[in-house]
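Let me begin by presenting the structure, written as structure tokens, before commenting on it.
The values are calculated or read from the model by the stated rules, or taken from the named source; none is laboratory data. All values reported here derive from a predicted model rather than from experimental measurement. Every residue, glycine among them, receives a Cβ derived from its backbone with ideal geometry; neighbour counts consider all protein chains shown. Only protein heavy atoms, including side chains, enter the accessible area calculation; ligands, DNA and RNA are left aside. Shrake-Rupley method; radii C 1.70, N 1.55, O 1.52, S 1.80 Å.
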Amino acid sequence: MKLIAPFAALLVLCASTMASPMPNPDPVPEPVPEPTPELESSPNLPATIAKRDGNWAACYENNTGNGIDFTINTWGTWDDDWGRGFLDNLRGQCGQIWNWQFNYPYPDMGQAKFTLVWWIPAHCVENAIWLASNPTGAISGVSCAS
């Protein structure tokens, strides 16, 4: 009987702790879903995408309270798939991607925008750019440091 009382008190303490939910100060946004066929075309696409010689990218980042917002301006044939190859490589190198957007603001330039969490592997965005552009001419020397 003496052993049952402390065990029962411990059980009540555990049950009451588990019953109260832990506060979540910052909700985690939903990750970007896998590409679907309806993403292959967009009404925002210029009438023609001008083919560009050589591959190029410029990376800009903005550290926010919710993660790191990236803007990648692209040039060359490596982005002519609406950034799907880049997105696949980002997922492989950096993990989950939020707020993914890709468009062509000019006929000769693509632009990717997305958010990553704070604890990403070093140079994962630069590595994803290199991997995505490799089939048509790997881009190296891009720096995403702010």
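Per-structure values
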{"item": "Filter result (touching a Phe, Trp or Tyr at 6+ places or on another chain (Cβ under 7 Å) and on the phi > 0 side of the Ramachandran plot) within region 60-99", "result": "67, 76, 82, 83, 99"}
{"item": "Yes/no for residue 110 being touching a Gly at 6+ places or on another chain (Cβ under 9 Å) and at pLDDT 85 or above", "result": "yes"}
{"item": "Residue count for region 112-135, restricted to those that are open to solvent by 80 Å² or more (accessible area, probe 1.4 Å) and polar (S, T, N, Q)", "result": "0"}
{"item": "Top-ranked residue of region 100-146 - restricted to ones that are in contact (Cβ under 8 Å) with a residue 12 or more places away in the chain and at positive phi, ranked as nearest to the chain's Cα centre (by Cα)", "result": "123"}
{"item": "Looking only at region 86-111, and only at residues there that are touching a helix residue (DSSP H, G or I) at 6+ places or on another chain (Cβ under 6 Å) and under 15 Å from residue 56 (Cα atoms), the one that is surrounded by the most Cβ atoms within 10 Å (Cβ to Cβ)", "result": "86"}
